[in-house]
Each structure stands twice: as C-alpha cells, then as structure tokens.
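Down below is the structure, laid out as structure tokens.
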C-alpha cells in the first residue's frame with residue numbers, strides 16, 4: 001500500500017515536472033518563443049517549473065541545433081529518480097542497468113501520454129474554443145504531428161479524421177512501450 005501511494009504521488013509530481021521539461025524541449029524544437037517577459041505566454045508557466053533543473057544542465061550541455069538536450073535530460077533524470085525510488089522502496093537493488101532502461105520507457109510513455117492529451121485538447125478546443133489563444137497554442141503543438149497524416153489519408157471535407165488516426169498510432173506506440181517494460 002505504501003508503494004502504491006508513493007507511486008501515485010511521485011507519478012503526479014514527476015509528470016508535471018518532467019512534462020514541463022519535455023514541453024520546453026518540444027517548444028524549442030518548434031522554434032517557439034517562450035517569451036520570458038510576457039506574463040500571458042506559456043513560458044510564464046513552464047519556465048518557473050523547469051528552470052531549477054534545466055538551467056544548471058544547460059551550462060554543462062548545449063543544445064544540438066533546435067533540440068534542447070538539457071530539457072530532455074532533465075526530464076530523463078526526474079523519471080530515473082522516480083523509478084529508482086520505487087525500486088528501492090520495493091526492496092530490489094539498483095545493481096543492473098535495467099532500471100535505466102525502465103526509466104527511459106517511462107519517459108517514452110510520458111511523451112506519448114502528453115501527445116494523447118494534446119490531441120484530445122485540440123479536438124475539444126476546436127469545438128468550443130475556436131479562435132482562442134490556447135487553441136492556437138495547442139494547434140501549434142499538434143499540427144506537426146497531424147500534417148503527415150492529413151497528407152496520407154483522403155480528405156472527407158469538413159470531417160477531419162487525422163486526430164483519430166494520430167490517437168490510434170499513439171495508442172499502439174503506448175502498447176508497444178508498455179509491453180517492452
């Protein structure tokens with residue numbers, strides 16, 4: 001019971017912290033300006049959550065092109081810490097490399113879950129929040145994933161099936177990742 005409660009609390013905490021680091025990495029990949037001086041941008045929320053771990057890593061590890069290595073590594077470190085705590089609480093040892101691989105699989109699962117959430121948010125906001133700033137931001141994040149699918153599937157007029165296809169692809173990938181764990 002203690003392990004389950006700890007797992008839940010760590011899952012929520014690490015999902016928020018590592019998710020902010022991953023979102024920061026993805027936004028840099030998309031060349032999105034986080035706008036540190038503007039209080040109404042997404043950067044006003046992401047930067048305070050992730051600066052404490054990303055900035056020290058960024059001093060040691062530079063970005064590779066548009067890929068923010070420090071933010072990605074920060075997310076991996078956070079997930080690795082969660083996995084290590086849960087393994088130690090269960091009484092197992094950390095002597096093998098398998099827990100590092102398990103942490104990487106957890107990170108992949110977090111990335112896929114984040115994309116699933118973004119797709120659902122995009123669908124809902126297209127119905128109720130069309131034209132809002134948050135709908136614009138979510139579209140900016142989801143459109144790079146939907147564009148190749150929209151090119152591959154036939155056009156059904158006003159009915160856009162690309163989010164459904166993307167959700168199916170993401171769910172299949174999550175099944176693969178969870179079976180590899």
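Annotations for the structure displayed:
- Between the beta carbons of residue 100 and residue 152, assuming R0 = 25 Å, the FRET efficiency works out to 0.10 to the nearest 0.05.
- Working ranking of peptides 151-160, 84-93 by packing, defined as the average number of other Cβ atoms within 10 Å per residue, highest first, is 84-93, 151-160.
- Region 96-181: relative contact order in percent, alpha carbon pairs under 8 Å with at least 6 residues between: 44
- A simple packing score, the average count of other Cβ atoms within 10 Å per residue, orders the peptides 70-80, 108-118 as 70-80, 108-118, with the highest score first.
- Förster radius 41 Å - calculated FRET efficiency between residue 63 and residue 2 (Cβ-Cβ, nearest 0.05): 0.55
- Scattering from region 1-94 was approximated by placing one identical point on each alpha carbon and applying the Debye formula without solvent; log10 I(q)/I(0) at 0.11, 0.22, 0.23, 0.24 1/Å stands at -0.37, -1.04, -1.10, -1.16.
- Estimated purely from DSSP H runs of n ≥ 4, each contributing -39500 (n - 2.57), the mean residue ellipticity at 222 nm for the chain is -27000 deg cm²/dmol once divided by its residues.
- R0 of 25 Å, Cβ-Cβ distance residue 116-residue 31: FRET efficiency to nearest 0.05: 0.55
Bear in mind that the values in this text are calculations on the coordinates, not laboratory data. None of these values were measured; they are calculated from a predicted model. Cβ: placed from backbone, ideal geometry, glycine included. Neighbour counts: every protein chain shown.
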